[in-house]
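Engineer: I'd like to ask you about the structure that follows.
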Amino acid sequence: MITLNPGEVTLATLRRIYETPGEIVLPAAHMAQVETSHAAIASILADGHPVYGINTGFGLLAQTQIADDELEDLQRNLVMSHCTGVGAPLSDAVVRLILALKVVSLARGYSGVSPATVTALITLYNHEVYPLIPSKGSVGASGDLAPLAHMSATLLGIGSVRHKGFELPASEGLKLAGLTPMTLAPKEGLALINGTQVSTALALAGLFATENLFAAAVVAGAMSVDALKGSDLPFDPRIQAVRGHRGQIDVAASYRRLLTGSRIRASHVDCPRVQDPYSLRCQPQVMGACLDSIRHAARVLEIEANAVTDNPLLFTDTNEAISGGNFHAEPVAFVADFLALSIAEIANISERRLSILVDPKMSGLPAFLVEKSGVNSGFMIAQVTAAALASENKTLAHPASVDTIPTSANQEDHVSMATFAARRLGDMCENSATVIGIELIAAAQGIDFHRPLTSSPILETIHGEIRAEVTHYDRDRYFKPDIDAARLLVESGLYLKYMDGLLPSIESKP
């Protein structure tokens, strides 16, 4: 059971929601705020003045006042007409986040919905009845209209849902949750479909995957240093301190901890090599910059996860409904672009280390990390796969936030493209997880060739975890299962435990 405290929901809680089905509950005090906000709608309607979205049309039709006997139709029509999403449906994990984020936003008490509407969303979540939300069709302002309309249509018994992996009509999903189709009160349809919850959920999913990537890449980089008999001197804390970037300082400490006690390192401490290639030597600088970007993105997304982003907003202390633009997802788009840059760079530098590992001229290891190279090709084409994926990410990393296109007859003339900015992070993370996975098994192979020398105690434990899934590559074999297994190790978050509180959504263990 997860208690949601709107305005105070943490990244660690959001990661739990994303990773594991369960139940959420809202404190009674917040439901009282929802009731107060809902009551304000009746007061506004009694005044008879036109208020956007409550008794007017939408977008360019905002000047059209709607009669009292058509207000319910107004909200229902809004939801149905906005169900225009296309593409593959979002995953259950992302939809869990969307439902939770919408509950948090509405429960702040500025949106005017009824307690019954908030309760219905919680009930869907708790019964694992997930609205089938198409992944495409939002420009990230005025909020995520189309995807949130598909979420909202479920409450009306319209559309489809997924339950325990099976798709079924929304009307049947409501029955499973013990609900009946709702009639939306004034403003409820608008409050439900207006907001940044889809963009934010996708960006959070990207953040969590990027943290998993980061942890695995630091581990892989440390293993590659040992496999290549590289120096640990570039991780000296004095080098990091005189530059001053927090991420660089912190990640260098992780490399030192991972490499401490390596007998491979001790075996070449007096070697004549003066400097290693940048992909080994500059890991604190590159990965530190990525860590700083990840931390910044995490701060912004935690704020957005707790934000009220529909329109207009109700301020019950003055009984006002004020139109603004909190639905514009520019902050989400920006940090999604920052994450994209980090994801691309993590794979870029990993692929360069892999390139050194397979090159006997630079590595001092058998060509392509296999005995009897020639008859065996070893890791030759695995490195090509990594190069292909790293290069694909370079295109995907192009900033989405610099794009905009006018919609709604130019009423909504500048948009964020946050939904795409966040959605593409999933593809990028899968690419990078594969690159890092290949480096992990290549570095483990390199360490094998140094036996009987051993790496550090921590890296030997990690080597054992890799070997439990992927055996030593002694001769050519069907390689794809090894690469898939290595990618799953990266995506599983296995290596987060070695980061010692470095990453923002991971709660430090005492």
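The values are calculated or read from the model by the stated rules, or taken from the named source; none is laboratory data. If you're wondering where the values come from, they're calculated on a predicted model, not measured in any experiment. Counting neighbours? That spans all protein chains shown, and the Cβs are built from the backbone with ideal geometry, glycine included. Ligands, DNA and RNA are excluded from the accessible area calculation, which covers all protein heavy atoms including side chains. Shrake-Rupley method; radii C 1.70, N 1.55, O 1.52, S 1.80 Å.
Engineer: Here are some conditions: (1) more than 19 Å from residue 506 (Cα to Cα); (2) open to solvent by less than 10 Å² (accessible area, probe 1.4 Å). Residue 288 meets all but one. Which one does it not meet?
Structural biologist: Checking residue 288 against (1) more than 19 Å from residue 506 (Cα to Cα); (2) open to solvent by less than 10 Å² (accessible area, probe 1.4 Å), the one that fails is (1).
Engineer: Identify the single condition in (1) farther than 30 Å from residue 501 by Cβ; (2) open to solvent by less than 30 Å² (accessible area, probe 1.4 Å); (3) assigned to a helix (DSSP H, G or I) that residue 342 does not satisfy, given that it satisfies every other one.
Structural biologist: Against the list (1) farther than 30 Å from residue 501 by Cβ; (2) open to solvent by less than 30 Å² (accessible area, probe 1.4 Å); (3) assigned to a helix (DSSP H, G or I), residue 342 comes up short only on (1).
Engineer: When you scan segment 175-189, how many residues do you find that are under 30 Å from the mean Cα position of the chain (by Cα) and either free of Cβ contacts under 8 Å to residues at least 40 places away in the same chain or under 13 Å from residue 128 (Cβ atoms) (or both)?
Structural biologist: 2
Engineer: Follow-up question, since we're still on this one. With the checklist (1) assigned to a loop (DSSP other than H, G, I, E, B); (2) out of contact with any strand residue (DSSP E or B) (no Cβ under 8 Å at 6 or more places or on another chain) in hand, flag the one item residue 334 doesn't pass.
Structural biologist: Residue 334 satisfies every listed condition except (1).
Engineer: Which number in (1) of a type in the set (D, E, K, R); (2) under 25 Å from residue 142 (Cβ atoms); (3) buried (at least 17 other Cβ atoms within 10 Å of the Cβ) marks the one condition that residue 73 misses?
Structural biologist: Evaluating residue 73 over (1) of a type in the set (D, E, K, R); (2) under 25 Å from residue 142 (Cβ atoms); (3) buried (at least 17 other Cβ atoms within 10 Å of the Cβ) leaves (3) as the failure.
Engineer: From the list 307, 329, 297, pick out the single residue that is open to solvent by less than 30 Å² (accessible area, probe 1.4 Å), farther than 30 Å from residue 395 by Cβ and at pLDDT 95 or above.
Structural biologist: Numbers: 329 fails: farther than 30 Å from residue 395 by Cβ; 297 fails: farther than 30 Å from residue 395 by Cβ.
From the options 307, 329, 297, the qualifying one is 307.
Engineer: Next question, about the same structure. Is it true that some residue in segment 207-226 is under 22 Å from the mean Cα position of the chain (by Cα) and open to solvent by 10 Å² or more (accessible area, probe 1.4 Å)?
Structural biologist: Step one: filter segment 207-226 for residues under 22 Å from the mean Cα position of the chain (by Cα), giving 207-220.
Still in the running and open to solvent by 10 Å² or more (accessible area, probe 1.4 Å): 209, 212.
Yes, because at least one residue in segment 207-226 is under 22 Å from the mean Cα position of the chain (by Cα) and open to solvent by 10 Å² or more (accessible area, probe 1.4 Å).
Engineer: Next up: Tally time: how many residues in segment 9-53 are touching a helix residue (DSSP H, G or I) at 6+ places or on another chain (Cβ under 6 Å), open to solvent by less than 70 Å² (accessible area, probe 1.4 Å), within 26 Å of residue 324 (Cβ to Cβ) and not aliphatic (A, V, I, L, M)?
Structural biologist: 2
Engineer: Something else about it: Can you work out which of the residues in segment 241-267 that are hydroxyl-bearing (Ser, Thr, Tyr) and touching a residue at least 60 places away in the same chain (Cβ under 8 Å) is most open to solvent (accessible area, probe 1.4 Å)? Steps first, answer last, please.
Structural biologist: Our first condition is that a residue be hydroxyl-bearing (Ser, Thr, Tyr); within segment 241-267, this holds for 254-255, 260, 262, 267.
Now restrict to residues that are touching a residue at least 60 places away in the same chain (Cβ under 8 Å): 254, 260, 262, 267.
Working: 254: 2, 260: 93, 262: 10, 267: 61 Å².
So, considering only residues that are hydroxyl-bearing (Ser, Thr, Tyr) and touching a residue at least 60 places away in the same chain (Cβ under 8 Å), the one most open to solvent (accessible area, probe 1.4 Å) is 260.
Here's the yes/no breakdown for (1) among the hydrophobic types (A, V, I, L, M, F, W, C); (2) within 19 Å of residue 269 (Cβ to Cβ):
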{"position": "196", "(1), (2)": "no, no"}
{"position": "205", "(1), (2)": "yes, no"}
{"position": "226", "(1), (2)": "no, yes"}
{"position": "251", "(1), (2)": "yes, no"}
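Engineer: Which ranges mark the strands (runs of 3 or more DSSP E) fully within segment 92-164 that have 3 or more residues being open to solvent by 20 Å² or more (accessible area, probe 1.4 Å) and hydroxyl-bearing (Ser, Thr, Tyr)?
Structural biologist: Numbers: elements: 129-131, 134-136, 160-163.
Of the strands (runs of 3 or more DSSP E) lying wholly inside segment 92-164, none has at least 3 residues that are open to solvent by 20 Å² or more (accessible area, probe 1.4 Å) and hydroxyl-bearing (Ser, Thr, Tyr).
Engineer: Which of (1) under 28 Å from residue 329 (Cβ atoms); (2) in a helix (DSSP H, G or I); (3) open to solvent by 10 Å² or more (accessible area, probe 1.4 Å) is the odd one out, the single condition residue 201 does not satisfy?
Structural biologist: (3)
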